[in-house]
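The values are calculated or read from the model by the stated rules, or taken from the named source; none is laboratory data. The model shown is predicted, which means the values in this text are computed figures rather than measured ones. Cβ: placed from backbone, ideal geometry, glycine included. Neighbour counts: every protein chain shown.
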Amino acid sequence: MRRRHLIAALLALPLIAGPALAAEHGGEKKKGAEKKKGGGLNFIQLPTLTANALRANGRRGVLTVDSGLDIKDGGLRAKAEASLPRLRAAYTQALQAQAAAIPPGSPPNPDLLVGVFQRTTDQVLGKPGARFLIGAVMVN
């Protein structure tokens, strides 16, 4: 009987030791560690922005904008990260105004949106230096 227990314990050892060794050598993420999505060190990924828009059939749709900020100045980047709630509120308000102005069934104009969001960014941060970038614009 003891021999069976010894064999079972030896067979189970890699199953128990594997995750423990992986955690010890950095295989698992530490608590609170957040992985950057991409775009480099100067890039701040913004949460998806949404607003209501009219679709071609007259029903309400959702205008969705994926975006980020490219900021080379470290001080301004720190200020932008601290101001993310204010930036998000200002972007949402600007997007709602733009979505209301889009004729039903017409696609949104990304160039116009970038200009509006860039002015909003400069106004909230108090100076230029943060470049607003759009990844995707969609009405669903």
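Is at least one residue of region 119-132 at pLDDT 95 or above and touching a Lys or Arg at 6+ places or on another chain (Cβ under 7 Å)? Within region 119-132, one or more residues are at pLDDT 95 or above and touching a Lys or Arg at 6+ places or on another chain (Cβ under 7 Å). Comparison of Ala100, Ala90 shows that the only residue that is assigned to a helix (DSSP H, G or I) and surrounded by 14 or more Cβ atoms within 10 Å (Cβ to Cβ) is Ala90.
Taken together, Asp111, Asp73 contain a single residue that is closer than 23 Å to Gly40 by Cα and over 19 Å from the mean Cα position of the chain (by Cα), which is Asp73. From the list Arg55, Arg77, Arg88, the one residue that fits, being modelled with pLDDT of 95 or more, among the basic types (Lys, Arg) and touching a strand residue (DSSP E or B) at 6+ places or on another chain (Cβ under 7 Å), is Arg77.
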